[in-house]
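First comes the structure, then the notes that go with it.
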Amino acid sequence: MAEALLNVLDQGHFKAYSAGSFPSGKVQPMAAKLAEAFGYHEPLRSKSWDEFSAPDAPKMDFIITVCDNAAGEVCPIWPGQPVTAHWGVPDPVAADGTEEVRQRAFQTAWMMLRRRVELLLALPVEKLDRIAIQKELRAIGQQGTHEH
């Protein structure tokens with residue numbers, strides 16, 4: 001969802017990719033529906049973050065983990081030493097209950113991510129040094145933590 005949000009809202013400054021430590025092998029239908037309704041029409045696929053740590057992978061300037069359970073995981077060594085941050089968002093896939101409850105979990109995660117992506121896009125990244133960017137990305141990750 002973060003990939004779709006950033007790639008649609010940014011309109012070309014950044015190129016976002018989404019990947020996970022333990023991908024399911026399929027895109028979650030509720031996430032795909034939100035992305036498509038938002039105007040993201042790139043092919044969606046489940047990806048492992050290992051794909052982006054390979055020598056021929058795109059260069060990453062920022063790595064932002066988003067699921068609550070990802071903060072404690074051991075991440076791969078990223079080529080180029082990108083700025084890293086964690087934006088804890090409850091994993092909507094973990095939501096139990098009716099279809100309505102699950103849809104609400106995806107919508108809540110979508111809105112939390114959207115607010116954070118909008119804050120990222122408001123940063124004057126070209127005027128900030130690496131330490132300032134790291135600090136700002138981490139501060140953005142603290143936005144809305146009372147919603148958990």
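Assorted remarks:
- Given (1) on the phi > 0 side of the Ramachandran plot; (2) surrounded by 14 or more Cβ atoms within 10 Å (Cβ to Cβ), index of the condition residue 97 fails: (2)
- Lone qualifier among 42, 36 - being charged (D, E, K, R) and assigned to a loop (DSSP other than H, G, I, E, B): 42
- The range 104-122 residues that are free of Cβ contacts under 8 Å to residues at least 60 places away in the same chain, paired with ones that are in a helix (DSSP H, G or I) and of a type outside the set (Val, Ile, Thr) (beta carbon under 6 Å, 6 or more apart): 105/92
- Scan of the range 7-21 for residues that are under 11 Å from residue 35 (Cα atoms) and of a type outside the set (Val, Ile, Thr), ordered by number: 7
- The number of residues in the range 100-113 being surrounded by fewer than 17 Cβ atoms within 10 Å (Cβ to Cβ) and in contact with a helix residue (DSSP H, G or I) (Cβ under 7 Å, 6 or more places away or on another chain) comes to 1.
- The set of residues in the range 1-19 that are within 22 Å of residue 104 (Cβ to Cβ) and in contact with a helix residue (DSSP H, G or I) (Cβ under 7 Å, 6 or more places away or on another chain) comprises 1, 2, 4, 5, 18.
- Cβ pairs under 8 Å, 6+ apart, first in the range 20-42 and more than 13 Å from residue 6 (Cα to Cα), second assigned to a helix (DSSP H, G or I) and among the charged types (D, E, K, R): 30/102
- Pick from the range 96-148, criterion under 18 Å from the mean Cα position of the chain (by Cα) and not in a helix (DSSP H, G or I), ranking: nearest to residue 11 (Cα to Cα): 123
Values quoted throughout were computed directly from the atomic coordinates according to the rules given, and no laboratory measurement underlies them. Since we're looking at a predicted model, the values are computed, not measured. Note: ideal-geometry Cβ built from the backbone for every residue, glycine included; neighbour counts use all protein chains shown.
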